[in-house]
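Chemist: Dropping the structure in here first, questions after.
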Amino acid sequence: MRSSKIIHVISAHAEGEVGDVILGGVAPPPGATLWDQRRHVAEDGVLRNFMLNEPRGGVFRHVNLLVPPKHPEADAAFIIMEPEDTPPMSGSNSICVSTVLLDAGIVPMQEPETHLTLEAPGGLVRVRAECRDGKAERIHIRNLPCFADRLDVALEVAGHGTLRVDTAYGGDSFVMVDAAALGFSLEPSEAKALAQLGVAITDAANAQIGFRHPEQPEWDHISFCAFCGPLEAMADGLRSRQAVAIQPGKIDRSPTGTAVSARLAVMAARGQIGPGARYEALSIICSQFEGRIVGETQVGDRAAVIPEISGRGWITGTHQHMLDPGDPWPEGYRLRDTWGA
């Protein structure tokens with residue numbers, strides 16, 4: 001088989017959300033920092049297109065590029081490629097990367113727990129993995145500092161009038177809406193409607209509200225819309241369903257680790273949850289992440305929390321993605337039937 005490139009991948013998912021990991025065939029992108037390397041991957045587009053566009057990819061896929069860490073405390077570093085963004089951090093992708101590193105033997109596994117540090121473009125991510133019989137069974141991620149940005153803001157959305165929304169940062173930027181107020185119970189049958197409306201809400205929030213990270217001014221947009229179900233009290237915390245719409249129009253199959261973190265920040269700002277209390281988040285397919293606040297800090301002039309999120313990941317296969325030099329679509333293609341506008 002002739003090929004002008006071969007990219008080696010281990011495929012994985014975290015509570016249903018795909019997060020493949022590139023292990024070889026790609027040179028580290030240029031840049032003095034991981035953020036610089038992230039910027040190069042985003043602006044260059046060649047690797048993103050090759051891996052995420054059809055026929056190799058699709059709107060369902062996220063891909064993580066392993067690179068040598070820049071920070072001396074990090075055991076490994078990764079750049080996250082989502083369908084439309086190259087973000088600072090991702091909870092489900094962190095779980096996938098940790099699972100692949102440990103289950104594939106790239107980082108030595110210690111039972112019953114392995115501790116390692118990942119470097120994401122947004123900063124260091126501390127990992128505690130529960131391990132048994134050669135399998136990383138549950139991954140705990142100590143996230144970047146997260147904060148509520150604006151609470152109970154009016155947002156005009158065509159066809160839906162004025163909504164009351166929150167915006168927050170959970171390692172990525174969110175507009176958060178009350179699902180029940182929009183008539184959603186966050187069931188699988190609602191996935192298409194949620195994805196379409198979520199993109200419209202995200203676009204409206206970027207146009208009317210906006211977002212800028214106090215310490216990373218390049219991150220100046222809202223990435224996702226989180227539909228939040230009602231909170232239910234548990235003996236040791238709170239429980240809720242939630243569904244996140246990802247550009248250009250899909251619903252995260254997991255509860256979304258950065259959304260769990262953003263929701264914890266909003267709940268903390270409202271006095272609904274405190275340090276140590278557990279938040280159990282259920283996705284549209286009833287997969288589960290757990291979150292809790294393990295610290296408090298500042299991001300610029302904003303009060304922030306440090307969340308820990310946890311979930312499970314599984315390896316689904318290994319792949320060698322190739323490019324025949326005669327292929328007329330070397331960077332793939334996108335069609336509006338699945339990729340939206």
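The values are calculated or read from the model by the stated rules, or taken from the named source; none is laboratory data. What you see is a predicted model, and the numbers here were worked out from it, not measured in a lab. Every residue, glycine as well, gets a Cβ built from its backbone with ideal geometry; the counts of neighbours run over all protein chains shown. Ligands, DNA and RNA are stripped out before the accessible areas are found, and what is left, the full protein with its side chains, is counted by its heavy atoms. Shrake-Rupley method; radii C 1.70, N 1.55, O 1.52, S 1.80 Å.
Chemist: Sort out for me the Cα centre separation of region 1-57 from region 125-182, rounded to whole Å.
Modeler: Their Cα centres are 25 Å away from one another.
Chemist: Right, here's the next one. Mean projection of the alpha-carbon convex hull of the chain over all orientations, in nm²?
Modeler: 17.3
Chemist: Out of the total accessible area of region 184-266 (probe 1.4 Å, heavy atoms of protein only), what percent is carbon and sulfur?
Modeler: Ligands and nucleic acids excluded, carbon and sulfur reach 51 percent.
Chemist: Quick one: net charge of GLY300's neighbours, Cβ under 15 Å, K/R +1, D/E -1?
Modeler: Cβ neighbours under 15 Å give a net charge of -3.
Chemist: Okay, moving on. Picking from ILE315, ILE95, ILE141, which is most flexible by a Gaussian network model of the chain using Cα springs under 10 Å?
Modeler: In this elastic network of the chain, the residue with the biggest mean-square fluctuation among ILE315, ILE95, ILE141 is ILE315.
Chemist: Right, next: Taking the inverse of the average 1/r across all pairs of different Cα atoms in region 101-157, what Kirkwood radius in Å do you get?
Modeler: Value: 13.6 Å, from the Cα pair sum.
Chemist: A further question on this structure: Hey, any idea what the orientation-averaged projected area of the convex hull of region 1-158's Cα atoms comes to, in nm²?
Modeler: Convex hull of Cα atoms, orientation-averaged projection: 12.4 nm².
Chemist: Leaving out ligands, DNA and RNA but keeping every protein chain, what accessible area does TRP314 have, in Å² rounded to the nearest 10, with a 1.4 Å probe?
Modeler: The accessible area comes out at roughly 90 Å².
Chemist: Provide the per residue accessible area, probe 1.4 Å, for the chain, rounded to a whole number of square angstrom.
Modeler: For the chain, the per-residue accessible area is 40 Å².
Chemist: What's the magnitude of the charge dipole for the chain around its Cα centre, counting Lys and Arg as +1 and Asp and Glu as -1 at the beta-carbon? Answer in Debye, nearest 20.
Modeler: Value, rounded to 20: 200 debye.
Chemist: More than 11 Å apart: what percent of Cα pairs in region 151-196 qualify?
Modeler: So the portion of pairs separated by more than 11 Å is 72 percent.
Chemist: Something else: Please name whichever of PRO87, ILE284, LEU116 sits farthest to the positive end of the charge dipole of the chain, dipole taken about the Cα centre and charges placed at Cβ: Lys and Arg +1, Asp and Glu -1.
Modeler: So the residue furthest toward the plus end is ILE284.
Chemist: Here's something else I'd like to know. Taking the Cβ of ARG239 as the center, what net charge do the other residues with Cβ under 9 Å away carry, scoring Lys and Arg +1 and Asp and Glu -1?
Modeler: Around ARG239, the surrounding residues sum to 0.
Chemist: Looking only at ASP75, ASP236, ASP166, which one moves most when the chain is put into a Gaussian network model with springs between Cα atoms under 10 Å?
Modeler: Ranking ASP75, ASP236, ASP166 by mean-square fluctuation puts ASP236 first.
Chemist: Mind checking the log10 I(q)/I(0) for region 233-341 at q = 0.15, 0.20, 0.22, 0.23 Å⁻¹? Debye, one equal scatterer per Cα, no solvent, two decimals.
Modeler: -0.78, -1.05, -1.16, -1.22
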